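See below for the structure under consideration.
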Amino acid sequence: MAFFSSATKSIPIGTDMPQHIAVIMDGNGRWARKRFLPRVAGHKRGMDAVLELVKACVDHNIAYLTLFAFSSENWRRPADEVSFLMSLFIQGLKREVAKLHENNIKLVLIGDRTRFNAELIDQIELSERLTANNTGLTLSIAANYGGRWDILQAVNKMHRAMPSHAGDFDEEHLAAHLAMHYAPEPDLFIRTGGEKRISNFMLWQLAYTELYFTDTLWPDFDESAFNLALASYQNRERRFGRTSEQVSDVASNN
Ligand code: FPP
């Protein structure tokens, strides 16, 4: 009988700084409504909050930041909001990519890009190519992404790559085919905007992630709000299935 083999390999000792942070940026629409502005004004301010968080992550030497920018379900929004978001992504990439590159940031888009228009696809490819060899923060933007889509595409890829293993796949085989196979699992998940849901984001990788929910609306999520999330993370005890006593033994032996 095969022993259980978990794909969760990198069990950190202590919880000082998260290596990988994944964020659901929620509350742009409500931020705008509170100010009697159109929803899109919230998305525009949301973009500023993205840039502020990226800078804070660089300052804190965080290795991976993953942002949920557009879910597979967001196509259901009114057509003019969807098209505003698409042009915000294009303009944002055009405007910011040189600065990302200067700061040694590597940009990767995860998600099914086949549904995007040609201009956006070109801009994404250009930005990924330009920053491909950077070694600082890896900034992954999840767009037209869904956790179930990701697991399914990984299963299909894995099956095509290793047909003779069918019926005998393990977690590590599957993890290697996920869209974010290049990153460790998130240590900290942040959702702004008050909802306490994962909303089909990184379903596989969030298994042992510390979850942090805040009522702060995304455009208001500034550096001090981020520091509160980090402080909450630093107060958690990450056990990965072990007992509390085992965790303190490991920590005190290091
Ligand atoms: C959720 O708020 C936000 C979005 C669906 C879009 C997020 C996009 C940005 C923050 C700007 C661009 C970002 C990148 C990385 C290119 P909501 O509209 O659901 O707010 P609500 O719940 O208050 O209605």
Any idea which of ALA56, ALA69 is more than 11 Å from the ligand (Cβ to nearest atom) and out of contact with any Cys (no Cβ under 6 Å at 6 or more places or on another chain)? ALA56
Does segment 71-91 hold any residues that are within 20 Å of the chain's Cα centre (by Cα) and closer than 24 Å to GLY136 by Cα, and which are they? PHE89, ILE90
Could you list, in sequence order, all residues of segment 71-87 that are open to solvent by less than 30 Å² (accessible area, probe 1.4 Å) and in contact with a Gly (Cβ under 9 Å, 6 or more places away or on another chain)? SER71, GLU81
If we scan segment 62-70, do we find a residue that is more than 23 Å from MET202 (Cβ to Cβ) and either of a type outside the set (Ser, Thr, Tyr) or open to solvent by 40 Å² or more (accessible area, probe 1.4 Å) (or both)? no
Say whether the condition of being within 17 Å of the chain's Cα centre (by Cα), part of a strand (DSSP E or B), aromatic (Phe, Trp, Tyr) and farther than 17 Å from THR8 by Cα is met by at least one residue in segment 180-197. no
For HIS43: the one exception among (1) within 9 Å of the ligand (Cβ to nearest atom); (2) open to solvent by 20 Å² or more (accessible area, probe 1.4 Å); (3) not β-branched (Val, Ile, Thr): (2)
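Okay, residues lined up against (1) in contact (Cβ under 8 Å) with a residue 60 or more places away in the chain; (2) open to solvent by 20 Å² or more (accessible area, probe 1.4 Å); (3) within 16 Å of the ligand (Cβ to nearest atom):
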| residue | (1), (2), (3) |
| --- | --- |
| MET158 | no, no, no |
| MET162 | no, yes, no |
| GLY167 | no, yes, no |
| ALA175 | yes, yes, no |
| LEU178 | no, no, no |
| HIS181 | no, yes, no |
| GLU185 | yes, yes, no |
| ILE190 | yes, no, yes |
| TYR208 | yes, yes, no |
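The values are calculated or read from the model by the stated rules, or taken from the named source; none is laboratory data. Since this is a predicted model, take the numbers as computed values, not measurements. Neighbour counts are summed over all protein chains in view; Cβ atoms, including those assigned to glycine, are modelled from backbone coordinates with ideal geometry. Accessible surface areas use protein heavy atoms only, side chains included; no ligands, DNA or RNA. Shrake-Rupley method; radii C 1.70, N 1.55, O 1.52, S 1.80 Å.
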